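Undergrad: Below is the structure I would like to discuss, written out as structure tokens.
Throughout, read-outs are computed from the coordinates displayed, never taken from laboratory work. This structure is a prediction, so every number in the text was calculated from the model and none was measured. Note: ideal-geometry Cβ built from the backbone for every residue, glycine included; neighbour counts use all protein chains shown.
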Amino acid sequence: MEEELIQIKNTAVSLILDILDRKTLEEVKLQFLGRSGKLTLVIKEIAKLPKEDRPEVGRLANEVKKAIEDTIANQELRIRQLTDQESGERKEKIDTSVPGIKPDIGHLHPMTQVLMDVVDVFKTIGFQVADGPEIETDYYNFEVLNIPKDHPSRDTQQTLFLDTRKSKVVPGEVILRTQTSAMQGRIMEKIKPPVRAIVPGKNFRYEQVDASHGFEFWQVEGFLVDTSVRLTDLFGTIDYVLRKLMGEGIKLKFATTNFPFVEPGVDTYIQCTVCNGRGCSFCKQSGWSEIMPAGMIHPNVLKAVGYDSQKVTGFAFAIGLSRLVTLRYQMDDLRLLTNPDMRILEQF
Ligand SMILES: [Zn+2]
């Protein structure tokens, strides 16, 4: 039996030392030390030996068992070290010949790109840039611009009113601005003429959204007040600015129109770049797109901000920025500008 035990030990140890994975190691452990393992079965036989032989054989059996258990433990440790080392090597392996992954680089939205161009053009002719609140009072959005409460033109500006029922504000007095012209009064109250300013910003109207209208749209408001400013100065400014922004080849036309805050009022049309004047859904089949309503500032507006309307005159205009962007890039739908689809945005 002693010989048998020694043989079990030798077989087990040499077997275990060759194992390099945990699963096989576990199997071999069971094969020798399990309930019906080779060593376990031999140990059970010890009870059948003559009484005097049992202590000696029992001691040997324990030694064999311990030797196998120790070898298994050491081998487990070795396997673990090997796998750790391997995964470390895998991490460190860098193949510098493999082409790199290009990081996605963002860029400015077409609206921002065009807005920056607009600002640059106006800066070269002496305009300053101002910013104003999107939540505006009825006074600056309408009253100061010669649009009293009962004026019919209020109907055309589908106004969004803020719910002020839980505050001390008179209902209807706080609105989302419908036009960046709201900044005219705020600026003119603070600055004495001469003044030249543009105000880029978002406006809000309760409008039916279609290819050329949005409930939220960008405008660049601008105005100039000085002594002896004439309507021809306005035409010249619009012509200069739009040719700088849209190219020398564009076709423009002016038409008379009516806004309460200007007298006379001028509507600027640019030949539709989507259809080149042939007529399409974007220009409502007219071949022209309204791009820049303008006019000479009404004396009532000048008076309301404390200017002397006998001494100074001025003109004001508003560029429909969203429309300018769509016309510049021949986009046939304004809604594309607020679409987050990368396939659209990547083209600019
Ligand atoms: Zn068109």
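Undergrad: Given the -39500 (n - 2.57) contribution per DSSP H run of 4+ residues, what per-residue ellipticity at 222 nm results for the chain, rounded to the nearest 500 deg cm²/dmol? Don't jump to the answer; show the numbers that get you there.
TA: Details: 11 runs with 138 residues, N = 348.
Helix-only estimate at 222 nm: -12500 deg cm²/dmol.
Undergrad: Treating only the Cβ of Lys, Arg, Asp and Glu as charged (+1, +1, -1, -1), what charge dipole size does the stretch 110-345 show about its Cα centre? Round to the nearest 20 debye. It would help to have the intermediate numbers written out before the result.
TA: Values: 26 positive and 27 negative charges, 42 e Å.
It works out to roughly 200 debye.
Undergrad: What whole-number volume per residue, in cubic angstrom, does the convex hull of the C-alpha atoms of the stretch 125-282 give?
TA: In the stretch 125-282, the Cα convex hull volume per residue is 137 Å³.
Undergrad: For the stretch 75-155, which GluC sites (Glu not before Pro) are both in a DSSP coil and crowded by at most 15 other Cβ atoms within 10 Å?
TA: When the GluC sites (Glu not before Pro) of the stretch 75-155 are filtered for loop state and at most 15 Cβ neighbours within 10 Å, Glu134 remain.
Undergrad: Output the DSSP H helices from the chain with an along-axis C-alpha extent of no less than 24 Å and a mean Kyte-Doolittle hydropathy no less than -0.5. Don't skip to the answer; put the middle values down first.
TA: Values: long enough: 2-18 (25 Å, 0.26); 54-92 (57 Å, -1.26).
Helices meeting the span and hydropathy rule in the chain are 2-18.
Undergrad: Listed highest first by mean packing, meaning other Cβ atoms within 10 Å per residue, what order do 147-153, 321-327 come in?
TA: Values: 147-153: 11.9, 321-327: 23.9.
Highest to lowest by the protection proxy: 321-327, 147-153.
Undergrad: Thr256 to Glu52: extension gain in nm, 0.36 nm per residue of separation minus the Cα-Cα distance? Mind showing how you got there, number by number?
TA: Numbers: separation 204, 0.36 × 204 = 73.44 nm, distance 12.83 nm.
The span from Thr256 to Glu52 would gain 60.6 nm if fully extended.
Undergrad: Taking 7 Å along the Cα-to-C-beta vector as the label spot, tell me the Arg328-Tyr139 distance in nanometres, rounded to one decimal.
TA: Rounded to a tenth, the inter-label distance reads 3.6 nm.
Undergrad: Of all DSSP beta bridges located in the stretch 110-345, what percent are antiparallel, nearest 5?
TA: On the way: 41 of 43 bridges.
If we restrict to bridges inside the stretch 110-345, about 95 percent are antiparallel.
Undergrad: Can you tell me which lysines have their Cα less than 26 Å from the Cα of Lys48? Leave out same-chain residues fewer than eight positions away.
TA: Within the straight-line cut-off, Lys48 pairs with Lys9, Lys29, Lys38, Lys65, Lys66.
Undergrad: Let's test this: bin the Cα-Cα distances of the stretch 2-92 at 5 Å from zero up to the farthest pair and state each bin's percent.
TA: For the stretch 2-92, the binned pair fractions read 2, 13, 22, 19, 14, 10, 7, 5, 3, 2, 1, 1, 0 percent.
Undergrad: In the Gaussian network model of the chain, springs joining C-alpha atoms below 10 Å, which of Gly201, Gly106, Gly132 carries the largest mean-square fluctuation?
TA: Gly106
Undergrad: Now a separate question. Where nothing but the Cβ of Lys and Arg (+1) and of Asp and Glu (-1) is charged, how large is the charge dipole of the stretch 273-337 around its Cα centre, in debye to the nearest 20? Kindly include the intermediate steps, with their values, before the conclusion.
TA: Details: 7 positive and 4 negative charges, 4 e Å.
I would put it at about 20 debye.
Undergrad: So, one more: Which ordering of Val98, Val64, Val174 is given by a fewest-first count of other beta-carbon atoms within 10 Å?
TA: Numbers: Val98 7, Val64 24, Val174 17.
In increasing order of surrounding Cβ atoms, one gets Val98, Val174, Val64.
Undergrad: What are the principal axis extents of the Cα atoms in the chain, in Å, biggest first?
TA: Computed over the Cα atoms, the extents are 135, 55, 38 Å.
Undergrad: Sticking with this one: Compute the FRET efficiency between Leu17 and Glu45 as 1/(1 + (r/R0)^6), taking r as their Cβ-Cβ distance and R0 = 45 Å, and round to the nearest 0.05. Mind showing how you got there, number by number?
TA: Details: r = 27 Å, r/R0 = 0.60.
The formula returns an efficiency of 0.95 here.
Undergrad: Report, in whole Å, the centroid distance computed from the Cα atoms of the stretch 76-122 and the stretch 215-273.
TA: Between the Cα centre of the stretch 76-122 and that of the stretch 215-273, the gap is 47 Å.
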